[in-house]
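All of the numbers you see were taken from the coordinates with simple rules; none came from a lab. Please read these numbers as outputs of a predicted model, since none were measured by experiment. Heads up, the Cβs are rebuilt from the backbone with ideal geometry, glycines too, and the neighbour counts pull from every protein chain shown.
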Amino acid sequence: MARTSKFLDYQVSQTDIKRVKQKLERASGQRLQKRMKLATKAAGELVKPGIKAEAPSRGGKKAKRQPGARILNQSVKVRQSRGKGLFSGESIAYVTPMAPHRHLIIRGHRIVTPGGRDTGRRTKPNPFVDRAAKGFEKQAADLVHRYWKDILR
């Protein structure tokens, strides 16, 4: 079966499919899962410095009003999925700040008075994690592909 598209040209035969199935069966189970966890964690570590660099830093005149900004870029961690629930069979690595106020900065929030009254104003969202990760999709996919290649030899 030959397939041609604007970006990719490839051909797959029945013998290729049979060979890949045999290799997957040989590598299946704990060995494959462990290797894929290593691959996704390595891909996450690849993105981590970019997210740390893109995180808002504490500085300037507003430094006293943003006490947690410095903590935000120091709290960026790569975390592996626990393998429960919806993503039980998948290996997923999350790269995100772990600071408790991260969602307020990334998504923005409403501004309230100390008494809790809504002022009607909102902070500007700063989706720095999305911006930082945008350029790394290809590199991360290549890294995971190398891990796959090693296990399927």
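Determine, for SER75, SER57, SER13, the number of other Cβ atoms within 10 Å of each Cβ, and report the residues in order from fewest to most.
SER13, SER57, SER75
Under the rule of at least 5 residues apart or a separate chain, name every residue whose amide H is placed under 5 Å from the amide H of MET98.
Here SER75, VAL76, LYS77 satisfy the definition.
Listed here are the pairs LYS21/LYS149; LYS23/LYS77; LYS41/LYS149; LYS21/LYS134; LYS48/LYS134; which of them are more than 22 Å apart at the Cα?
LYS23/LYS77; LYS21/LYS134
Check ILE92: other-chain or 5+ apart residues with amide H under 5 Å from its amide H, H built from backbone geometry?
SER81
Mind sorting HIS101, HIS145 by how few other Cβ atoms lie within 10 Å of their own Cβ, fewest first?
With the sparsest Cβ surroundings first, the list reads HIS145, HIS101.
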